[in-house]
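First the structure, in the form of structure tokens, and then the observations on it.
The values are calculated or read from the model by the stated rules, or taken from the named source; none is laboratory data. These figures come from a predicted structure and were not determined experimentally. Positions of Cβ are generated from backbone atoms using ideal geometry, with glycine treated the same way; all protein chains shown enter the neighbour counts. We work out accessible area using only protein heavy atoms, side chains counted, and drop any ligands, DNA or RNA first. Shrake-Rupley method; radii C 1.70, N 1.55, O 1.52, S 1.80 Å.
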Amino acid sequence: AILIHPSPDIGVCSYADHAEAALRAGALAWALYYPYLAEQNDYVAGFQTNAWFYGDHRAIAEPAFDVTAREAIPVIDAIAASPEPVLGRVTPSLTHWEVMWSSPAFAVWQAAIAIQSLAVVELAACRLESYVRLDGEILLTIPTVLLAVELLLNVVRAVYFAVDPWFSRGVFSFEAQTVLHTVTMPYATLTTALYCVYFEEARSAAGVAPAVLTRPVWRRSVVLLALVVIGLDMAVTLSFHWTYHPVVDSIYVLVSPAIMPVLMALLSLLIAIRSRRGLESIALTVRSRLTRTIRLTALFTALSAALGLVNLWGFWGPWRGFVVIGLQFSTLCWTSYQQVDAMHPMGVAVRIGPLRRLGESMAALVLRALPAHTGAGRAFVQPAEDQASRYARNSERGRLRLGVSIHVLHELISQLAIEDTHSTSDVSHMLRQHYLPSSALTEQLADISVQGQPATSDATLFVSHAQSCTFVKLLAAVEAHVSMHKLDVSKTYLWLDICCIRQDSVGSDVQEIAPLIAEIGSLVVVLDPWHAPVSLTRCWCLFELLEASLAGAELNLAFAMDDQVALGRALAHNRPQVLAALTSFDARQAKATMPADLSMIFEAIKARLSKEPGDDGIETFNALVHTAVQSALASYSWGIGSRNGADSSPGRTARDPSRRSKSRMRTL
């Protein structure tokens, strides 16, 4: 005979208790049957074939059959109602669950989610290590707490899917299966709540807009709501140890997988809508990244909520659960990854793990296989050799429009033996000695390739700087800007005055700076040192800032790596002081190497900004440049939106000898 317990209470009798009772009764085996599951949840028989409870002897605890299914209801009812023995024939066969668990598709499904979880673990560990390296200790801040939770959560997720997901092998006990499977959703709610709070705090701290969630009462309410869901999850899990109550289970099924993700999705969507109204002054590349990351949070959370509504239906069926559970866990992994990826400490190089390197390599291969993008985005430009041919060689505007690649500047450091103490002005004198002063360096390198890339092409980035500052630090700041904005180095060309202006006709060339800035459309101001930048005391730099602001060009600030770290700490502790240091300039006190330049610039300011007779336009000029610097600082200081420090292994500097190359430049 086969013993069937028609209404088992797993909180009172374990599976081993059922097995021992069946043996004492002389039964051949015992069969598992839950009428509640069979009637309510379209349960497919065989799900708990490998189930056992903590403390059970697994050799006898696992049921011989799991006959919980709608089809079994009339059979069980007939047995229970009949006063006479009911004879039947039992034909052993594989259940739908066993077929799925042993299929190659399930193995791929299992490995894919485990690898996704490990990718999040790797990224969270690298980012958490960078915060510790920046602060010198572990501080309980929102980024570090979020990273720590995501790290632990995805370790659990990876172990669960790598070892025994969904009762497939019977390695974990029933209690462990319950914890490992259900812990994901409530803690994902917590990390999303932390992320939303951090996003709003960063938006407010950047000075672009106030945020409701920065108020302590709202911030605590959102986080407390997430903690309540975690408490509910723990209560449901513990209830399996003592007694099973359908009411508690129903509440949990509604709150944790469905209601809370819906609330988090609505919160993320609200923040995304509000952010669009407060980010107009932020640089385009940073603004795009910020809005993308919060929109992805809203999208992924909404998808999790939709899948949560059918979670229980999918959980009790093999192939439908294969789709629902797989999509749900993949969505949670993607949500975790993009939230962790947004946590980046300012001014610290973050290590890259092997999984991310592999993913980036595969993505690069896919991008190479796709047709080239020819849109209007500044990050994607036409091939250098095609652009260079757009201007005739004898065209003055075409000549001045040319910029140099970053590889060229590294080559100059190598060839001219430029030291850390050499100023940009010193490098300018070196160039006059080594190259023809009658033509700009960009003209002389027109047919040269460096690192397999044309040395010159149409400039994509106008660099504003003070020549009294060091050249090596200037290059380091520009490279940090390129890394921060995810620009393609092979398609980035710099308009740098010492390389792009003829040294014997400086006066005529600088007259074209204003239209050049408008054409290039992107200006970066190198601030060195960050607390007292020399460039903001130079009249030409302020004039370039004004032209960029009036032309609607994208304006950004750039700092060398050491200054980034110091600036990041100062912004975290005393942002008003930083803003005061960077905006306390006055054009009347600005300096220029040539007095004639100063007079020319003041006349240009008066002609363009004077509002009435007797007004020299200086106050308007100061206000415009002040606003431009403040907006650029907001773009730069937004911690989750920027990449202030390359994603790379630490230790690489602007003078890395491995970047030197042999090229035709050595013959000039």
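Given 0.36 nm per residue, what is the gain on full extension from Ala417 to Ser584 after removing their alpha carbon distance, in nm?
56.5 nm
If you count only protein heavy atoms with a 1.4 Å probe, what accessible area per residue comes out for the stretch 11-57, rounded to a whole Å²?
44 Å²
Where a Cα-Cα gap under 20 Å defines reach, which aspartates and glutamates qualify for Lys491, not counting those fewer than 8 residues away within the same chain?
Those aspartates and glutamates meeting the cut-off are Glu360, Glu385, Asp386, Glu411, Glu443, Asp447, Asp458, Glu479, Glu519, Glu554, Asp647.
For the pair Ala25 and Lys486, how long in nm is the line joining their label points, each one 7 Å along Cα→Cβ?
The answer from the label model is 6.2 nm.
Please report the projected area of the stretch 27-156's Cα convex hull averaged over all directions, in nm².
For the stretch 27-156, averaging the hull's shadow over all directions gives 13.0 nm².
Hey, with R₀ at 41 Å, roughly what FRET efficiency would Arg220 and Val155 work out to, going by the Cβ-Cβ distance, to 0.05?
Result of the calculation: an efficiency of 0.90.
Need one number: the % of Cα-Cα pairs in the stretch 518-606 sitting beyond the 18 Å mark.
Across the stretch 518-606, Cα pairs with separations above 18 Å total 51 percent.
Using 0.36 nm per residue, how much length does the chain from Ser103 to Trp319 gain when fully extended, once their Cα-Cα distance is taken away?
76.7 nm
Cβ neighbours within 10 Å, averaged per peptide: list 417-424, 131-138, 470-477, 619-626 in order, most packed at the top.
My ranking of the peptides, most packed first, is 470-477, 619-626, 417-424, 131-138.
Order 85-93, 23-31, 553-561, 47-55 from most to least packed using the mean count of other Cβ atoms within 10 Å.
For the peptides 85-93, 23-31, 553-561, 47-55, the packing ranking is 553-561, 47-55, 23-31, 85-93.
Extending each Cα 7 Å along its Cβ direction at Glu175 and Leu139, get the distance between those two points in nm, one decimal.
Each label point is offset 7 Å from its Cα along the Cβ direction, giving 4.0 nm.
Report the far tail of the P(r) of the stretch 411-510, meaning the percent of Cα-Cα pairs longer than 16 Å.
The share of Cα pairs beyond 16 Å in the stretch 411-510 comes to 60 percent.
Give the peptides 356-364, 319-327, 514-522, 185-193 in descending order of average Cβ contacts within 10 Å, highest first.
185-193, 514-522, 319-327, 356-364
Give me the percent of the accessible area of the stretch 440-546 that comes from carbon and sulfur atoms, probe 1.4 Å, all protein chains in place.
Of the solvent-accessible surface of the stretch 440-546, carbon and sulfur hold 53 percent.
Just the number, please: carbon plus sulfur as a percent of the accessible area of the stretch 46-186, 1.4 Å probe, no ligands or DNA/RNA counted.
The nonpolar share, carbon plus sulfur, comes to 69 percent.
What accessible area per residue comes out for the stretch 511-606, rounded to a whole number of Å², with a 1.4 Å probe?
41 Å²
Pull out the extension gain between Val262 and Gln577, defined as 0.36 nm times the separation in residues minus the alpha carbon to alpha carbon distance; nm, one decimal.
Value of the extension gain: 109.4 nm.
Give me log10 I(q)/I(0) at q = 0.21 Å⁻¹ for the stretch 10-66, Debye formula, one equal scatterer per alpha-carbon, no solvent.
Debye output, listed in q order: -0.80.
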